[in-house]
1. Considering region 97-114 alone, what residues qualify as being more than 8 Å from the ligand (Cβ to nearest atom), within 19 Å of R21 (Cβ to Cβ) and within 9 Å of the chain's Cα centre (by Cα)?
2. Could you grab me the full set of residues in region 35-56 that are within 16 Å of the ligand (Cβ to nearest atom) and touching a helix residue (DSSP H, G or I) at 6+ places or on another chain (Cβ under 6 Å)?
3. Can you pull out the residues in region 116-135 that are in contact with a strand residue (DSSP E or B) (Cβ under 8 Å, 6 or more places away or on another chain), assigned to a loop (DSSP other than H, G, I, E, B) and among the small types (G, A, S)?
4. Please find, among F83, F43, the residue that is within 16 Å of A140 (Cα to Cα) and among the aromatic types (F, W, Y).
5. Pick from G162, G135: which is on the phi > 0 side of the Ramachandran plot, open to solvent by 60 Å² or more (accessible area, probe 1.4 Å) and within 16 Å of the ligand (Cβ to nearest atom)?
6. What's the number of the condition A193 fails, among (1) within 30 Å of F127 (Cα to Cα); (2) open to solvent by 90 Å² or more (accessible area, probe 1.4 Å); (3) not β-branched (V, I, T)?
7. Look through A125, A149, A140 and report the one residue that is open to solvent by less than 70 Å² (accessible area, probe 1.4 Å) and within 11 Å of the ligand (Cβ to nearest atom).
8. Show me the helices (runs of 4 or more DSSP H) entirely contained within region 1-115 in which 3 or more residues are open to solvent by less than 10 Å² (accessible area, probe 1.4 Å) and farther than 20 Å from E191 by Cα.
Amino acid sequence: MAYECITAETRGTTGLIRLDRPKAMNALNARLISELNGAVDGFEEDPHVRCIVITGSEKAFAAGADIKEMQGKTFVQAYREDFIAEWERLSRARKPVIAAVAGYALGGGCELAMMCDFIIAAENAKFGQPEITLGIIPGAGGTQRLIRAIGKAKAMDMILTGRVMDAREAERSGLVSRVVPVGELVDTALEAAERIGDLSMPALMMAKEAVNSAHETTLSEGCRLERRLFHSLFATEDQKEGMKAFAEKRTPQFRHR
Ligand SMILES: CC(C)(O)CC(=O)SCCNC(=O)CCNC(=O)[C@H](O)C(C)(C)COP(=O)(O)OP(=O)(O)OC[C@H]1O[C@@H](n2cnc3c(N)ncnc32)[C@H](O)[C@@H]1OP(=O)(O)O
């Protein structure tokens, strides 16, 4: 497929998606979101891909929704087309997804990064939900995911003031898992993805399902789901191989079944 606003390629067992609208700081227009969703669909269906990495440029992961594209929308248009609903595709990915963020991740850019399973940030990364400065509020999950990631005090501070958080503050706050030099960002994310790719796909998918359920359910229901998923992994060849390999002091050869 020919893309205009992203590039997508396979590196080993990783599907690498790069947001690519350099003149507009990777602002997220309808075309980019549709291409991103198509690439995610393709990697989800590809049995050779076991992890997805999403990145942008050194200047910007994404500076949010394309303000010029959305500025003329009326309420009725936004409501009838359920504007932004299609952005949520990424949050339904069943394979692991890593966001590799350098530069600006603002508004929808920050929201997109938070839909990923974890965020690796470059030292120059800047996160923020500046929608309030435009007379709107976050619309792609920012009010819900930011509070879960960094707690109410900081989430309110960022959403009500529109201030930007640098990479170190984001790491201290729990928004990002690690911070690396800009030049090492993509390789670090690809290394993490390849490491994930060597592991058992059913176990990875169930781990993701169990962790994500923590945000959707009670502690006892979440623990029950976790236990059932844990039990079901004893039906996989990979569990037998993983434990046999441990006992035989060798590296397991998972077959993802
Ligand atoms: C998804 C929702 C519902 O939650 C809503 C949103 O996401 S709303 C959008 C939230 N994002 C923002 O408000 C950030 C807007 N951008 C900026 O504040 C700045 O551009 C910057 C801080 C990211 C970078 O500043 P600077 O280095 O000074 O570069 P600029 O000259 O401002 O930008 C270069 C070029 O990119 C265009 N641009 C940047 N961001 C957007 C955007 N979000 N939408 C459309 N276009 C954007 C900017 O207009 C410049 O282009 P030209 O005007 O020079 O052609």
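1. A99, A100, L112, A113
2. The answer is N37, and nothing else.
3. Answer for region 116-135, where residues must be in contact with a strand residue (DSSP E or B) (Cβ under 8 Å, 6 or more places away or on another chain), assigned to a loop (DSSP other than H, G, I, E, B) and among the small types (G, A, S): just A125.
4. F83
5. One residue alone meets the criteria, G135.
6. (2)
7. A140
8. 30-45, 108-115
The values are calculated or read from the model by the stated rules, or taken from the named source; none is laboratory data. Model, not experiment: these values are computed from the prediction. Note that we place each Cβ from the backbone using ideal geometry, even for glycine, and neighbour counts take in every protein chain shown. These area figures cover heavy atoms from the full protein model, side chains too; ligands, DNA and RNA do not enter into them. Shrake-Rupley method; radii C 1.70, N 1.55, O 1.52, S 1.80 Å.
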